[in-house]
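Notes follow once the structure below has been shown.
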Amino acid sequence: MPDPRARRGIRHPWKALLTAGAAAVLAGAASVTAIGEWVADAPQRVLACWASAPTR
């Protein structure tokens, strides 16, 4: 049976999310909020590198 709900949001590859989280923790982020803030402040060229990582 197909799911009648509309797809919402952006689907990010797991590898990019894990890389961003690990980089934030290595930079000193100690909470989920701090990780989110670190990723929000990261340079766009860094985020582009993670987003373009090949996925299977």
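General remarks:
- Residue tally, condition surrounded by fewer than 11 Cβ atoms within 10 Å (Cβ to Cβ), among the small types (G, A, S) and closer than 22 Å to W50 by Cβ, over region 1-19: 1
- Taking region 1-35 as the range and being within 13 Å of the chain's Cα centre (by Cα) and of a type in the set (D, E, K, R) as the test, the residues that pass are R11, K15.
- When restricted to residues that are touching a helix residue (DSSP H, G or I) at 6+ places or on another chain (Cβ under 7 Å), modelled with pLDDT under 90 and part of a loop (DSSP other than H, G, I, E, B), region 5-56 contains 2.
The values are calculated or read from the model by the stated rules, or taken from the named source; none is laboratory data. Treat the numbers as computed from the prediction; the structure is a model and nothing was measured. FYI the Cβ positions are ideal-geometry reconstructions off the backbone, even for glycines, and counts take in every protein chain you see.
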